[in-house]
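Worksheet: one structure, shown below.
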Amino acid sequence: MRADLSLQQSPPFSVPARFLVSAPLFGLTAALVLLWHGPGMVSHRWTPEILAVTHFLTLGFLAMSMLGAMMQLTPVLMGVVNLRPVLFSTVIHAPLFLGTACLGLAWLMQVNQLFIIAMVLLGFSFTVFIVVTTERLLRSKSRHVSRSMMLLALLALLITASLGIYLVMGYTGQTLPLARHLADLHLSWGLMGWVLLLIMAVAYQVIPMFQITDEYPAMHQRWMGWSVFSAILGLSLTYIWPLETLKTLSAILLAGCLLTFALTTLWVLHKRRRQLVDVTLNFWRLAMISLAFLTLTWAISAILNLNVPVLLLGVLMIHGFAMTTVNGMMYKIIPFIIWLHLSARNKNLRDRGERSSQVKVPHLRKIIPEAAGLWQFRFHLASLLLLAVATIWPKWFYYPAALSFVIAQAALLFNLSNAVRFYNAKIAMLSIGKAGSDPV
Ligand code: HEM
């Protein structure tokens, strides 16, 4: 069922923009921590530096941009409006930003009090977001499959954040010991539940819309979300009842879902009607190839009982699939909402008979120049390949990997900040009625 867009419900530009621009800031911080601390920090998965970098990426980059994208997409795709969008986004963004910074710094500086501050700020931000957005989605009249998948993703985020807060209590130096045996459950709900389900929910709408493709097969859309959720639930139940069969069947179901989604998306993109290749297409393709490679590596290592570096699976899932998808979406969402808001302003001026006060609105592909996006994609691809091999041969590839990651995130931050600067300049021109002298 093709998406009905309610563009007039789009929230003010600053609502999603503050989240989307904060994300590469945390991405760059994570890359600089990698560069500064050197290969020693990847000696095993529990070094405080690796845990800090993991959460600068999963909270600071992924959760940050996904919450921002949901603030833009739920009104437009689901027709649900937040009454005070600017206030709501501030109440979510500020504690998420500070909470993530505190959690990372707590690990890097080993200061227990910072864990407590992070726990409170992150707990508050996620609770308010999950409660308000769930209520809005339940009220939505849309019956597109993305609605139920967004609700499942929010439930997975609730479980992830609750487990994360319980885990972090083990670091606060209070009574509770660190429940490290729950860390895999936490990351499964975080990466396979919250991140994967939300990316699927968004892909079903934005790939046909922006890449002019056919819809995903109806069966796929109807069953994928519930299958992924049931697989993770099955894996979680083995923490209570350690049944090997349940674990194997749940893992096979999950692997099947990952591979089906990756290959179906590559096929839908291959059959697209729009022949023009844009940078977002490259990011979608790379993300799906990473997801397929991750699934095959995980499956083969499980079947043949091979020892695959756990950080390799982390790099393929967090950087290769999730960050790549989000990076590509940023190059669609930001130019689109800039074009949307400036066009709406121009229309208001025309309606008021003030044609001469309009500003020129360039084509979507010009707001963030294609070449700038393509260069950033090349550094992102290089950093993914180098980070992946650095988990196997850190001696040779660690520093080239960290450096290319720094450049890729710095370039993304530069491209997005430039687009925001462009928008603010246009708005300033409109507000002082100097549109006549608009050079662009
Ligand atoms: C409220 C937010 C969160 C808090 C307080 C939190 C806290 C933690 C803690 C304390 C650990 C275990 C560290 C250990 O065992 O020493 C952990 C591990 C982990 N968390 Fe989170 N987390 C949060 C959200 C997330 C989210 C949203 C994701 C993913 C989307 C995520 C991904 C991970 C991963 C991948 C690990 C395992 C790291 C490793 O194995 O090296 N976390 N988290």
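Would you be able to say whether some residue in the stretch 366-374 is within 27 Å of Y399 (Cα to Cα), assigned to a helix (DSSP H, G or I), more than 16 Å from the ligand (Cβ to nearest atom) and open to solvent by 50 Å² or more (accessible area, probe 1.4 Å)? Please lay out each step first, then the result.
At the first step, the residues of the stretch 366-374 found to be within 27 Å of Y399 (Cα to Cα) are 371-374.
Cutting the leftovers down to assigned to a helix (DSSP H, G or I) gives us 371-374.
If we keep only those that are more than 16 Å from the ligand (Cβ to nearest atom) as well, we get 371-374.
Restricting the remaining residues to those that are open to solvent by 50 Å² or more (accessible area, probe 1.4 Å) gives 371, 374.
Checking the stretch 366-374: at least one residue is within 27 Å of Y399 (Cα to Cα), assigned to a helix (DSSP H, G or I), more than 16 Å from the ligand (Cβ to nearest atom) and open to solvent by 50 Å² or more (accessible area, probe 1.4 Å).
Does T133 qualify as being surrounded by 21 or more Cβ atoms within 10 Å (Cβ to Cβ), more than 10 Å from the ligand (Cβ to nearest atom), closer than 26 Å to W226 by Cα and of a type outside the set (A, V, I, L, M, F, W, C)? Steps first, please.
Values: surrounded by 21 or more Cβ atoms within 10 Å (Cβ to Cβ): yes; more than 10 Å from the ligand (Cβ to nearest atom): yes; closer than 26 Å to W226 by Cα: yes; of a type outside the set (A, V, I, L, M, F, W, C): yes.
Answer is yes for this residue.
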> Of all residues in the stretch 103-130, which are over 23 Å from G68 (Cα atoms) and near the ligand (Cβ under 10 Å from one of its atoms)?
Replying inline: A106, W107, F115
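For the stretch 136-154, name all the residues that are farther than 20 Å from S89 by Cα and within 15 Å of the ligand (Cβ to nearest atom). Before you say what the answer is, go through the steps one by one.
Of the residues in the stretch 136-154, the ones farther than 20 Å from S89 by Cα are 141-149, 152.
Of everything in the stretch 136-154, just one residue is farther than 20 Å from S89 by Cα and within 15 Å of the ligand (Cβ to nearest atom), namely L152.
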> If A94 satisfies every condition in (1) out of contact with any Phe, Trp or Tyr (no Cβ under 8 Å at 6 or more places or on another chain); (2) at pLDDT 95 or above; (3) buried (at least 16 other Cβ atoms within 10 Å of the Cβ) but one, which is the exception?
Replying inline: (3)
>> Within the stretch 282-297, does at least one residue satisfy the condition of being of a type in the set (V, I, T) and over 18 Å from V326 (Cα atoms)?
In response: yes
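Taking the conditions exactly as written (in a helix (DSSP H, G or I), away from the ligand (no atom under 16 Å from the Cβ) and open to solvent by 20 Å² or more (accessible area, probe 1.4 Å)), does L83 satisfy them or not? Before you say what the answer is, go through the steps one by one.
Details: in a helix (DSSP H, G or I): no; away from the ligand (no atom under 16 Å from the Cβ): yes; open to solvent by 20 Å² or more (accessible area, probe 1.4 Å): yes.
Considered against the rule, which asks whether it is in a helix (DSSP H, G or I), away from the ligand (no atom under 16 Å from the Cβ) and open to solvent by 20 Å² or more (accessible area, probe 1.4 Å), L83 comes out as no.
Going by the conditions given, is P177 more than 10 Å from the ligand (Cβ to nearest atom), without any contact (Cβ under 8 Å) to a residue 40 or more places away in the chain and of a type outside the set (S, T, Y)? Break it down into steps so the answer makes sense when it comes.
Working: more than 10 Å from the ligand (Cβ to nearest atom): yes; without any contact (Cβ under 8 Å) to a residue 40 or more places away in the chain: yes; of a type outside the set (S, T, Y): yes.
Yes; evaluated as a whole, the condition is true for this residue.
Mind checking which residues of the stretch 209-235 are surrounded by fewer than 18 Cβ atoms within 10 Å (Cβ to Cβ) and not aliphatic (A, V, I, L, M)? Reasoning before the result, please.
Going through the stretch 209-235, the residues surrounded by fewer than 18 Cβ atoms within 10 Å (Cβ to Cβ) turn out to be 209, 212, 214-215, 217-219, 222-223, 226-227, 230, 233.
Residues satisfying the conditions are D214, E215, P217, R222, W223, W226, S227, S230.
The values are calculated or read from the model by the stated rules, or taken from the named source; none is laboratory data. Computed from a predicted structure; not experimentally measured. Note that each Cβ is placed from the backbone with ideal geometry, even for glycine, and that neighbours are counted across all protein chains shown. Areas reflect the complete protein model, heavy atoms only, side chains present, ligands, DNA and RNA absent. Shrake-Rupley method; radii C 1.70, N 1.55, O 1.52, S 1.80 Å.
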